[in-house]
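Okay, so here's the structure we're looking at.
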Amino acid sequence: MNADLIIQAAHVLKMDSDFTVIENGAIAVKDGRIISVGTSEDVRKQYSSEKVIGGKDTVAFPGLVNTHTHSPMVLFRGLEDDLPLKIWLEEHIWPAENTWLSSEFVGDAVELACLEMLKAGITLVNDMYFFGDVIARTVKKFGMRAVVGAGILDFPSKTAHTPDEYLAQAEAFIRDWKGDDLITPALAPHAPYTCSPETMLKTRKISDRYMVPVHTHLSETQWESGEMKRRYGKTSVQLLEDLGVLDERFIAAHCVWLTDEEIDILARRRVGVSHCIESNLKLASGIAPVVKMLNAGVRVTFGTDGAASNNDLNILSEASTAAKVHKAVSGDPTALNARQAMLMATRWGAQALGLGDVTGSIEEGKAADIVLAGLRKPHLVPIYDIYSHLIYAMNAGDIDTVIINGKVVINRRELTTGDESEIMDRALVWEKKIRSSRAE
């Protein structure tokens, strides 16, 4: 039988419930879907294709999932560093956004972010920002899969003036993109301290009407915890629980300052948590109680946050940092092991975004969202445990090929869906504009 593409690898990580690794494996793809996974010998007996990629000294694994970022902020990378979140955000980032945000800025920024993420093996991203239609069109142009959250605030910005205006724009965005094969529209109220209970409830009603995800920041800083208690006499999680807005379609970023009671609430409501450890460390926001969350049954995943606070978009790095930090924090070297970290970076990420039936593992019937990485490198030999290598030794530069929906979007480290040089040239033009305005 004919396949559109056959992928061969020395190791194929299915990321199924058994953590299956197929040695000398192969994957057959047709019409964007995986039609067979097995040993190379078995797959090649059943399927042939004019296009065969991969081979020895490679590992194939599901595309990585970035469950929390603000992709347009990549053009603010390094703009202001080494500051607490509140000062960094209110005194530097929000003023910069107020000056520069436009559809042109967002489009150019998202192109750069997509390039960076694809080269890092990220095939699915959960984005929260403004100009959602521009983000969605740009991501789709690159052949990337995304959940795109329409930003919602209680105060004016360059895109809206009132909560109802943000919500109306968000609803229109959802209607335009609902049912797209690569883009899932979502609602993105910024945080419980920037969106009132009334705004959160209105957001929930729209989410229920269209059955789309809600994506927000939650319990990110100690300041937020104190501020919410001052305003409402309860924490952010308690407030949202009392409002009845937490469920399996809710994705909460950060979740650093949680009590045991709040962890139980998140587990019971099946809320997906995006752990952004490198951003949290850099902003000194704290270290999320991930081991406690995992033990309680919370589905924890990995996010990069925006490149202005990280300062890169690299899920392999997030997984590696998290696995090591949580061993140290818990005093348990077995905590958050390599297999668990890879699960959080792939299948659990897709499930948290409501796309577990589509992507996140290499299984028959799922979309062919697959990454190939080279292994014949000094830092990747010898190999005793491939999971260990992926989490503790591999870096984004080892990724050679990225496939989404059966289409090769990164081929031998080169982007096939855009011009890398032009993308970076436009980013440098923005750098000059922003730099010159700050010098005035």
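Taken together, the values in this text are just the output of simple stated rules run on the coordinates, not laboratory data. Computed from a prediction, not measured in an experiment: that's the story for all the values here. All Cβ positions, glycine included, derive from the backbone under ideal geometry; neighbour counts span all protein chains shown.
Report the GluC sites (Glu not before Pro) located in the range 49-135 that are in a DSSP loop and have at most 11 other Cβ atoms inside 10 Å of their Cβ, or state none.
Working: sites: E50, E80, E90, E91, E97, E104, E111, E116; in loops: E50, E80.
Answer by residue number: E50.
Averaging sequence separations of C-alpha pairs under 8 Å and six or more residues apart, then dividing by the length of the chain, give the relative contact order as a whole percent.
Details: 953 pairs, mean separation 88.4, N = 440.
Worked out over the chain, it gives 20 percent.
Which longest uninterrupted range of the chain lacks any chymotrypsin sites (Phe, Trp or Tyr not before Pro) assigned by DSSP to a loop state (not H, G, I, E or B) and surrounded by at most 14 other Cβ atoms within 10 Å?
Details: sites that count: F19, Y384.
That gives 20-383 as the longest site-free run.
How many Å³ per residue does the convex hull of the Cα positions in the range 336-440 occupy? Before the final figure, lay out the partial values.
On the way: hull volume 18.7 nm³, N = 105.
Considering the Cα atoms of the range 336-440, their hull volume per residue is 178 Å³.
How big is the Kirkwood radius of the range 54-186, worked out from every pair of different alpha carbons and given in Å to one decimal?
On the way: mean 1/r = 0.0630 Å⁻¹.
15.9 Å is the Kirkwood radius here.
To the nearest Å, what is the center-to-center distance of the range 261-307 and the range 74-151, using C-alpha atoms only?
21
Please report, largest first and rounded to whole Å, the three semi-axes of the ellipsoid equivalent to the range 190-271, where each semi-axis is the square root of five times an eigenvalue of the C-alpha gyration tensor. Can you show the working numbers first?
Working: eigenvalues 75, 41, 22 Å².
Semi-axes, largest first: 19, 14, 11 Å.
Before rounding to the nearest 500, sum -39500 (n - 2.57) across all DSSP H runs of length at least 4 in the chain and divide by the residue total; then give [θ] at 222 nm in deg cm²/dmol. Please list the in-between numbers first.
Values: 16 runs with 168 residues, N = 440.
The helix contribution divided over the chain gives -11500 deg cm²/dmol.
Is there a quick way to get the dipole size of the chain? I mean about its Cα centre, with the Cβ of Lys and Arg at +1 and of Asp and Glu at -1; what is the value in debye to the nearest 20?
Numbers: 47 positive and 60 negative charges, 99 e Å.
Dipole of the chain, to the nearest 20 debye: 480 debye.
Divide the volume of the convex hull of the Cα atoms of the range 136-277 by its number of residues and quote the answer in cubic angstrom per residue. Each step should come with its number before you reach the end.
Details: hull volume 16.8 nm³, N = 142.
In the range 136-277, the Cα hull volume divided by residue count equals 118 Å³.
Kirkwood hydrodynamic radius (Cα pairs, Å) of the range 1-57?
For the range 1-57, inverting the mean 1/r across all distinct Cα pairs yields 11.2 Å.
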